[in-house]
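The values are calculated or read from the model by the stated rules, or taken from the named source; none is laboratory data. Just so we're clear, the structure is a prediction, and the values are computed from it rather than from any experiment. FYI the Cβ positions are ideal-geometry reconstructions off the backbone, even for glycines, and counts take in every protein chain you see. Note: areas computed on protein heavy atoms with side chains; ligands, DNA, RNA excluded. Shrake-Rupley method; radii C 1.70, N 1.55, O 1.52, S 1.80 Å.
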Amino acid sequence: MLSNSQWPAPAWQNGLSEADQGKAQARVLLDIAAIYATSSGTSSALAHALGVNPTAILQARSRGKVSAELAVKIESLLGRALFPRELFRPDLFLIGD
């Protein structure tokens with residue numbers, strides 16, 4: 001199972017504040033999830049695959065924070081091995097829950 005630290009941050013995040021790095025990391029993880037989930041790799045296609053309104057994905061991207069419900073849905077769709085809920089919300093879920 002992967003943790004946040006196992007998905008390396010892109011180099012462009014190096015100059016960001018810690019808060020902005022967290023937001024950027026959430027956006028990167030959502031982008032990676034979209035690529036894994038759908039052939040088009042778009043946020044709207046990910047939303048469709050998850051059965052949520054595309055606005056939910058766009059809001060999570062802009063806030064830089066995935067809801068607990070969305071984290072669980074992503075884990076269910078893509079598998080716990082690569083996309084565990086705690087990857088998206090380590091503040092809410094303990095590794096191994």
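Scanning segment 56-71 for residues that are open to solvent by 70 Å² or more (accessible area, probe 1.4 Å) and modelled with pLDDT of 95 or more returns a single hit, E69.
Evaluate the following for A26: is it touching a residue at least 60 places away in the same chain (Cβ under 8 Å), open to solvent by 50 Å² or more (accessible area, probe 1.4 Å) and either assigned to a loop (DSSP other than H, G, I, E, B) or of a type in the set (A, V, I, L, M, F, W, C) (or both)? Considered against the rule, which asks whether it is touching a residue at least 60 places away in the same chain (Cβ under 8 Å), open to solvent by 50 Å² or more (accessible area, probe 1.4 Å) and either assigned to a loop (DSSP other than H, G, I, E, B) or of a type in the set (A, V, I, L, M, F, W, C) (or both), A26 comes out as no. It is to be established whether one or more residues within segment 35-43 are surrounded by 15 or more Cβ atoms within 10 Å (Cβ to Cβ), over 14 Å from the mean Cα position of the chain (by Cα) and modelled with pLDDT of 90 or more. Checking segment 35-43: at least one residue is surrounded by 15 or more Cβ atoms within 10 Å (Cβ to Cβ), over 14 Å from the mean Cα position of the chain (by Cα) and modelled with pLDDT of 90 or more. Kindly indicate whether L78 is farther than 15 Å from A26 by Cβ, open to solvent by 70 Å² or more (accessible area, probe 1.4 Å) and without any contact (Cβ under 8 Å) to a residue 60 or more places away in the chain. So L78 fails the test. Residues that are at pLDDT below 90, in contact with a Pro (Cβ under 6 Å, 6 or more places away or on another chain) and open to solvent by 60 Å² or more (accessible area, probe 1.4 Å) occur in segment 1-23; there is at least one. Might you check whether a residue that is in contact with a Phe, Trp or Tyr (Cβ under 7 Å, 6 or more places away or on another chain) and free of Cβ contacts under 8 Å to residues at least 40 places away in the same chain occurs anywhere in segment 36-50? Looking for residues that are in contact with a Phe, Trp or Tyr (Cβ under 7 Å, 6 or more places away or on another chain) and free of Cβ contacts under 8 Å to residues at least 40 places away in the same chain, one finds none in segment 36-50, hence no. Take the conditions (1) closer than 24 Å to Q21 by Cβ; (2) of a type in the set (A, V, I, L, M, F, W, C); (3) open to solvent by less than 60 Å² (accessible area, probe 1.4 Å); V52 misses just one of them, which is (1).
Residues in segment 25-70 that are over 18 Å from F83 (Cβ atoms) and aliphatic (A, V, I, L, M): L58 only. Annotation: F83 fulfils all but one of (1) modelled with pLDDT of 95 or more; (2) open to solvent by less than 40 Å² (accessible area, probe 1.4 Å); the unmet one is (1).
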